[in-house]
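Below: the structure, in structure tokens.
Please treat every number below as a calculation from the coordinates, not as lab data. Here the structure is a predicted model, which is why all the values come from computation and not from measurement. Note that we place each Cβ from the backbone using ideal geometry, even for glycine, and neighbour counts take in every protein chain shown.
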Amino acid sequence: MAEGNQGLIVPVIVDTNIIVDVITDDPRWSAWSIAQLEKHDSQGLVINPFIYCELCYGFSSRQAVDELVKRFGLTYEAVPRLGLFKAAKAFQRYKSRRGRKHSVLPDFFIGGHAEATHQPLLTRDKGRYATYFQSVKLICPT
């Protein structure tokens, strides 16, 4: 279990790729993703507006996405303003390293959320998070 600075149980932010692994029954990753969701379920599993939006891409209705969120036992949280600030600063570092994207990427909002709230992030996309959000505890494949 992830514990915060005060010894409190801290919910885990679940990146979109983990959910997609399960719903598509990804042959390589679904078993790992299911195991991680089960392992961290008692802490609480969180998504934010950017993860929700990424999930919407593969569904024809909002109701279908809401049913998925309910089925997975996910809690929807807004990204605090500090998280948005951290996302912008991470994007600024990305651009200074000659990053090619012209607007803030969803991963930066997700990482900023995790950093601002001190919540661990369950993901398979270690690279960008590890580079721009070094204080975030990543739960990812080794």
Between the stretch 81-142 and the stretch 16-46, how many Å separate their Cα centres? 20
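Can you work out the FRET efficiency for the pair THR131 and TYR57, with r the C-beta to C-beta distance and R0 = 25 Å, to the nearest 0.05?
On the way: r = 25 Å, r/R0 = 0.98.
It comes to 0.55.
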Based on the Cα gyration tensor of the stretch 12-135, what are the three equivalent ellipsoid semi-axes, each the root of five times an eigenvalue, rounded to whole Å and given largest first? 24, 15, 15
Under 14 Å, Cβ to Cβ, from ASP21 - net charge with Lys/Arg +1 and Asp/Glu -1: -4
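Would you compute, from DSSP H runs of 4+ residues alone, the mean residue ellipticity of the chain at 222 nm, taking -39500 (n - 2.57) per run and dividing by the full residue count, rounded to the nearest 500? Numbers along the way, then the final one.
On the way: 7 runs with 73 residues, N = 142.
About -15500 deg cm²/dmol.
Among TYR76, TYR132, which comes first, then next, by fewest other beta-carbon atoms within 10 Å? Provide the component values of the computation, followed by the final result.
Values: TYR76 12, TYR132 24.
Ranked by crowding around the Cβ, least crowded first: TYR76, TYR132.
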Under unit Cβ charges (Lys, Arg +1; Asp, Glu -1), what dipole magnitude, rounded to 20 debye, does the chain have relative to its Cα centre? 900
For the stretch 12-135, whose charge dipole is built from +1 on Lys and Arg Cβ atoms and -1 on Asp and Glu Cβ atoms, the candidate among VAL65, THR131, VAL12 with its Cα farthest towards the positive end is THR131
Given labels modelled 7 Å from the Cα in the Cβ direction, how far is it in nm from ALA78 to THR142? 4.0
